[in-house]
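Accompanying notes for the structure given below.
Each value in this text was obtained by applying a stated rule to the coordinates, not by laboratory testing. Bear in mind that the values here come from a model prediction, so they are computed numbers and not experimental data. All Cβ positions, glycine included, derive from the backbone under ideal geometry; neighbour counts span all protein chains shown.
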Amino acid sequence: MIAEAPAIAAAPPREAYRPFAAFVYRFKQNRLAVGGTLVIGFFFLLSFVFWLFSVQGFQWPYDPAATEVSAQLLPPSIEHWLGTDQLGRDVFSRMMHGARVSLMVGFVAVGISLTIGILVGAVAGFFGGWVDNLLMRFVDVVISFPSFFLILTVVALLSPSFWNVMVVIGLTGWTGTARFVRAEFLSIKERDYVQSARALGAGHRRIIFRHMLPNSLAPVLVSATLGVAGAILTEAGLSFLGFGVQPPTATWGNILTEGRLYIFDAWWLTVFPGLAILTTVLAFNLFGEGLRDALDPRLKG
Amino acid sequence: MFQFILRRLIQSIPVLFGISVLSFAMIHLAPGSPLGVLMDPKVPPKVVEQWERNFNLDKSLPAQYGLWLKNLATGDLRSFKDGRPVIDKIMERLPATLILNLVATIIIFSIAIPLGVYSATHRYSLADHTTTLFAFVGISMPSFWLAYMLILLIVQGLGLPILGSRTFGLTEVGAVAGLADRLWHLFLPSVILSVAGIASLSRYMRGSMLEVTRQDYITTALAKGLPDDEVRYRHGLRNALMPIITIFGFLIPTLIGGSVIIESIFAWPGIGRLAYQSVLSRDYPTIMTINMITAILVILGNLMADVLYGVVDPRVKVK
Amino acid sequence: MAIKRVLFLLPVAVALLFVAAFLGALPNFDKKVNQLVLSSIGDAEKLNPILSVDSASSDINGFIFNGLVKFNENLEMVADLAERWTVRQVSRIYLRPQAALSAQETARRLNAALEPKTREDLQITEIRPVSEREVEVLLDTAGTAVEEFLVAALPKEVFVPLTRADLDLSSEQKVFKGPKELSEKVRQELSKAGLSVVETKVKPWGTVSLRTVGEEETVRLALRPILEAGEGEGEEKTPAVHLSSIESFPIEHRPVITFSLRPNVRWHDGEPFTSKDVEFTFLKVMDPGTNTVRRPMFELVDRLETPDPHTVRVTYWKPFAPSLESWAIGVIPEHLFRDQDINTSSLNRNPVGTGPFKFKVWEADEVITLVANPDYFEGAPNLRQLSYRIIPEPPLKELEFFIEGVDLDTPQPHQYHRYITDERFKVYERLGNGYTYIGYNLRLPLFQDVRVRQALTHAIDREAIVKFLLFDLGVPSTGPFPPQFWYSPPDVKPLPYDPEKAGRLLDEAGWRDTDGDGLLDKDGEPFRFTLMTNNGNNLRINTAVLVQRQLEEIGIDVKIELFEWSVFIRDKVNPRNFEAVVLGWGLGLDPDVYEIWHSSQTEKGFNFVGYRNPEVDRLIEAGRTTFDREERTPIYWKIHELIHEDQPYTFLYVGKGTPALHEGKFRLKRSTDRQEVVEDITMTENGLLYFFKDWFRVRGRAVFTSS
């Protein structure tokens, strides 16, 4: 009964072994992960559509920045699906536009932290020796450094645009990636194909980028997905402390932060943005977990 | 073992030095100033300049760093805000943070482990799927949102005091009722603080338990005809718990970092709030000291994790 | 299987423990003692009245400490630690060295010219010669009104203009080593020019103040070498020393305030309170090593004397109207602070005062507890205890008030309707002593035209802001003074919301939409500016957003930027690096607005918008040297009107404070002539808590439950 065969262990279709098809097959077995993917796709589509709207100057259902104070704090209704806020702005419109910003914060931040993490990890793992030692001590310093202060300083040093919030979240999140890229590199370095590439006289850069990096990509991809989820949550937390993307630019995080002050007047200002964050982050987490299982069945939890 | 710990401790000295330089530079380079908060028509710029001299803020950064080191060494590090020794300020808030985190840790372990074990032993059952989903929901929520949702749904209806570490004005009740009151005030903050921990730890536990049940000795024991529960709980659980214990080392610093928001919402008098307020008011000595203490906790946590790993799994040679 | 059972019972046990805690605590939640619980968003910092800068500390200090004077329930100045006080004045006339009249003769002539009516009007008590060249006039009140009489009564050549120069030594002085050397140099230069220095005084922060007998122009000429010596070399043209102001004083007025202290006042530790404590407090405030913001209020004090344990005599350099108010500062005990560093003393956390409540315990970031002082000089308070809780999250403060964890709460405007409609609560209201405004950086060409500023105000719908953001808890403001005070003119009408008029004014100023993009432009530049404010203040942020939309309607593009408070002040406001800001001023009770509106404060002071109006400068200077309220009133009305015309700010609104109590939970009990009077608590002009000493908690009050 321990050997209860999980569906995933079933062999992929018997044709020639195609790694990608095998991956897709395994991924599709995980219903939660598929659900997550759909939700992510849905939010992407939404934010893209609303971005197109705003580029075309077509504001639907309302202009997210249009204040109409006589219609302040209205509960959800046919006219205002998710109600209005303290300035009479339509919460639904604001959230749709906020979706783009929130997703962008997630992706750009992860992009930054991946770039730094991979570079540092790859260099440390590939060269080893004192380079490795120095870089890893630096990683130790950054890890032991309370990220709150790092975030505060960078937010404050740069002007408070939402690009900077992304940069900051990215700057604090790279240490994990750096560590496991290094570990991966240390082990791959000794493998035959790397040794032979080296024997054939390939340069450092070629070995790193053509041979070693692609082979350590799977865990990087997984951690990137989970990183997006983390970054969206971090933005919300930063907003709460007053260091997130600043209003009147709408993000889910700051709609929620402003809305909580009116919680006993207008629950919809708190509940809906929170649910949006929850669903998106959940979707990314499930997607990432599915990705991990499908990329490397050995890791399956 | 002793040598290992000693070496790790010595290694951490340059790391701590690096952190102190880095955080000192960052804090001082950040815009704003401890005196930026004074915006009162009765306070002319001359007063501000005089204060800056009194706080040595007119000196160069390296000189200020030197002064900080000196004050640290002589134990005379004082807050800009109220002139009190920073250590006193931290020590009077430390117990509140510790008790909150201790209770949260107890909740995390006592709920996550059974949950993980149950999930693993009933793999792919409805309960397993539900637990998985809930675990993911747990790590996907902004904690302050969860706090507000709970307050909206539960507390508002009950009409009971939840803020602070106890009910105020309750001076004439017995010790037992007082204790009960304090425990009640711990309830919401510690539960909210532990949600994410429960979620991730139960996933770990499930994975670890599954890993163990695949091992040969379990198969052997089962083949020998020992009862399922006996095998699972006596042999399996013990081994599955080993990697979990090491997580303990990482947990403490994470919890302390995560309690800033919870402490603010629930008016809990802990370190997180002190750190936040110090940052807002640019109370450099206090920020620096909290930074260093957090860093030391992280380093000790890592060390503890490594040591524990060596203790629970003799195969791992501590080197 | 024991392990299994233990494992799965663990979560149940934890859950049961919390249920037990809840059940155990439940019956006790209602047992409260005879006390009042207040609350604040932030913890106090220093319970020391001369050091505190935050409002929580000031609130609590008010219960523990007393000043020499205080404002009563009608905002009139009354005695506190001082039983009574008198304001007298010594006016001194300096005679020209070559004057034909001697000091004695001058005094005689003045006395002869003094008619009984004038003597009474001006309250002149004595005119006497004090040296060969000086005559003193003693008056019963302070002020400069006596000047007219003196000038009229004597021929002009008798006395000379007395010139005062403040020489400011900037911190990076290169030419002179310090104030001592500077004042010596000044003496030399003046004597070279044949002028004599009456006195020099080195004041804190390296300012040298000197008085010399001579015409202003002569003094300026004589001091030129020193002023030029201060000019830096090459690119650094900042003078190390500069003549900040030269004022002519034909006659010098020295107000003297004499306080008679209450006898038999004791500190909380039993020691008697004496004039030495007042002197000590003053010296500590003036000590540059003390980190206090109270020093400027006492800068004009020449000397403070304590002739006996119950008398304090303060002599000022010149008449300064807010000087009496400054003695409302809490007095600290000399016998405890004597050997301590005041900045770091543990007494700042364990205060000993003379007030109605004694400090008991301070639990950091949680609660500060005070207990009644049975020996208070006005009688012991009725309440036994006072707790001051710290609750950082505003919505949860409301929750805590509803369940009586806090007895007094001041709701935000959007919370107000829940308080006022709930019969369990009694809500009071009072206009605040401050206002919110949009300040324009007048150094920028964009805002230099007064028509543009008037247009901006016309285009901003302040009625809507008050109605929808303040929920009608406030009034639009028209100028620098809130409407409820005597110094605010009654008939200034706010500029009405009138976008069309705004358009016309902008058109006159040359702003029109020539390229059809919906934005006004002039010389090819669109009308565009950045409106900054601090994050964390929701009311200001929402105001900024509304203003942005309203200005968009008349074709002005506004961008909003938010900064953390400390960054905002330090990097934007102080270096004048902004276009427009939304900010608010909280004001004292004296109308002196020198720091905010005088043109000397534009570089480094709080006139950060750069407002310069010579007429306003003159009025401000006149107002702060006049003591009489009747005389001051027209001055301040005029200031208000002039600033209203100039619109350097768009004055937005004055908000109302709305403290709330639980209905019937507290009442007032006064004992007068062996008779006890119990009354309801009412709002006073000095706030709800003014008669706090007489409050008591009603026992057996009907308890309303939430269900």
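Report, in debye and to the nearest 20, how large the dipole of the protein assembly as shown comes out about its Cα centre when Lys and Arg carry +1 and Asp and Glu carry -1 on their Cβ. Before the final figure, lay out the partial values.
Details: 133 positive and 145 negative charges, 1122 e Å.
It works out to roughly 5400 debye.
Quantify how strongly other chains surround peptide B:266-278 by giving the mean number of their Cβ atoms within 10 Å of each of its Cβ atoms. Walk me through the intermediate numbers first.
Numbers: counts 4, 13, 3, 7, 3, 1, 1, 6, 3, 3, 5, 5, 0.
Shielding by partners across B:266-278 averages 4.
Once a ≥ b ≥ c are taken as the square roots of the eigenvalues of the Cα gyration tensor of chain C, is the result rounded (a/c under 1.5), prolate (a/b larger than b/c) or oblate (a/b not larger than b/c)?
Here chain C falls in the oblate category.
Could you work out how far helix C:538-553 tilts from the main Cα principal axis of chain C, as a 0 to 90 degree angle to the nearest 10?
Tilt of helix C:538-553: around 70 degrees.
Which whole-number percent gives the relative contact order of region A:155-301, counting Cα pairs below 8 Å spaced six or more residues apart?
Values: 117 pairs, mean separation 33.7, N = 147.
Over region A:155-301, the number comes to 23 percent.
How large is ³J(HN,Hα) for each residue in region A:94-103, as worked out from phi by the Karplus curve 6.51 cos²θ - 1.76 cosθ + 1.60 (θ = phi - 60°), to whole Hz, x for Gly and Pro?
With coefficients 6.51, -1.76 and 1.60, one gets 4, 5, 5, 6, x, 4, 4, 5, 4, 5 Hz.
State the answer as a single residue: which of C:116, B:259, C:476 lies farthest towards the positive end of the charge dipole of the protein assembly as shown, with beta carbon charges of +1 for Lys and Arg and -1 for Asp and Glu, about the Cα centre.
B:259
For region C:592-707, what mean projected area does the convex hull of the alpha carbons give, in nm²? Don't jump to the answer; show the numbers that get you there.
Numbers: hull surface 53.0 nm².
For region C:592-707, the mean projected area of the Cα convex hull comes to 13.2 nm².
If I fit a long axis through the Cα atoms of helix C:179-192 and take the longest principal axis of the Cα atoms of chain C, what angle between them do I get, 0 to 90°, rounded to 10?
Helix C:179-192 sits roughly 20 degrees off the main axis of chain C.
For region C:434-464 and region C:362-386, compute the distance between their C-alpha centroids and round to whole Å.
Going from one Cα centre to the other spans 47 Å.
With a 10 Å cut-off between alpha carbons and a GNM built on chain A, which of A:166, A:96, A:212 moves the most?
Sorting by GNM fluctuation, first place goes to A:212.
Could you work out the relative contact order of chain C, using alpha carbon pairs under 8 angstrom and six or more residues apart, expressed as a whole percent? Working shown, then result.
Values: 1310 pairs, mean separation 107.8, N = 707.
Dividing the mean separation by the residue count of chain C yields 15 percent.
Could you put C:642, C:154 in order, starting from the residue whose Cβ has the fewest other Cβ atoms within 10 Å?
Values: C:642 16, C:154 19.
Lowest to highest Cβ neighbour count: C:642, C:154.
Return the subset of C:201/C:638; B:89/C:360; C:360/C:665; C:46/C:70; B:46/C:185; B:81/C:276 for which the Cα-Cα distance in this structure is over 30 Å, preserving the input order. Intermediate results must be reported in sequence, preceding the final value.
Details: C:201/C:638 35 Å; B:89/C:360 18 Å; C:360/C:665 24 Å; C:46/C:70 21 Å; B:46/C:185 24 Å; B:81/C:276 28 Å.
Long pairs (Cα-Cα over 30 Å): C:201/C:638.
Pick from B:59, B:224, B:70 the residue whose mean-square fluctuation is largest in a GNM of chain B, springs joining Cα atoms under 10 Å.
Top of the fluctuation ranking is B:224.
Which aspartates and glutamates, if any, have their Cα less than 15 Å from the Cα of residue C:397, not counting same-chain residues under 8 positions apart?
Of all the aspartates and glutamates, those that pass the test against residue C:397 - Cα under 15 Å, at least 8 places apart if same chain - are A:265, B:263, C:43, C:365, C:366, C:407, C:409.
For residue C:472 and residue C:576, FRET efficiency with R0 = 41 Å and r from the beta-carbon atoms, rounded to 0.05? List each step's numbers first, then the result.
Working: r = 35 Å, r/R0 = 0.86.
The formula returns an efficiency of 0.70 here.
Could you list which residues have their amide H under 5 Å from that of residue C:83, counting only those 5 or more apart in sequence or on another chain, with H placed in the peptide plane?
C:260, C:261, C:262
Mean-square fluctuation check for chain A, GNM, Cα pairs under 10 Å: which of A:231, A:276, A:71 is largest?
A:71
Taking θ as phi - 60°, what are the ³J(HN,Hα) couplings along region C:516-525 by the Karplus curve (6.51, -1.76, 1.60), each to the nearest whole Hz, with x for Gly and Pro?
Rounded to whole hertz, the list is x, 9, x, 10, 5, 8, 8, 6, x, 9.
Charges on Cβ only, +1 for Lys and Arg, -1 for Asp and Glu, centred on the Cα centroid of the protein assembly as shown; of B:54, C:186, B:193, which one is farthest towards the dipole's positive end?
B:193
What does the highest-first list of C:407-416, A:105-114 look like by mean Cβ count within 10 Å? Before the final figure, lay out each step's value.
Details: C:407-416: 21.0, A:105-114: 22.5.
Put in order of decreasing packing, that is A:105-114, C:407-416.
Provide A:267, A:130 in ascending order of the number of other Cβ atoms located within 10 Å of each residue's Cβ, fewest first. Present the calculation step by step, with values, prior to reporting the outcome.
Values: A:267 18, A:130 8.
Ascending number of Cβ neighbours within 10 Å: A:130, A:267.
I'd like the orientation of helix A:147-157 relative to chain A: the angle between its Cα long axis and the longest Cα principal axis, in ° from 0 to 90, rounded to 10.
60
Of C:61, C:106, C:49, which is farthest on the positive side of the dipole of region C:37-132, counting Cα position, with +1 on Lys and Arg Cβ, -1 on Asp and Glu Cβ, and the Cα centre as origin?
In region C:37-132, that residue is C:106.
Dipole of region C:258-350, Cα-centred, from +1 at each Lys and Arg C-beta and -1 at each Asp and Glu C-beta, to the nearest 20 debye?
Magnitude of the dipole: close to 200 debye.
Compute the Cα gyration tensor for the protein assembly as shown, then decide on rounded, prolate or oblate, letting a ≥ b ≥ c be the square roots of its eigenvalues: rounded whenever a/c is under 1.5, prolate when a/b is larger than b/c in the other cases, and oblate in all that remain.
Numbers: a/c = 1.98, a/b = 1.80, b/c = 1.10.
Here the protein assembly as shown falls in the prolate category.
Most exposed first by the Cβ proxy, i.e. fewest other Cβ within 10 Å, how do B:97, C:684 rank? Numbers along the way, then the final one.
Values: B:97 21, C:684 16.
Fewest-to-most ranking of B:97, C:684: C:684, B:97.
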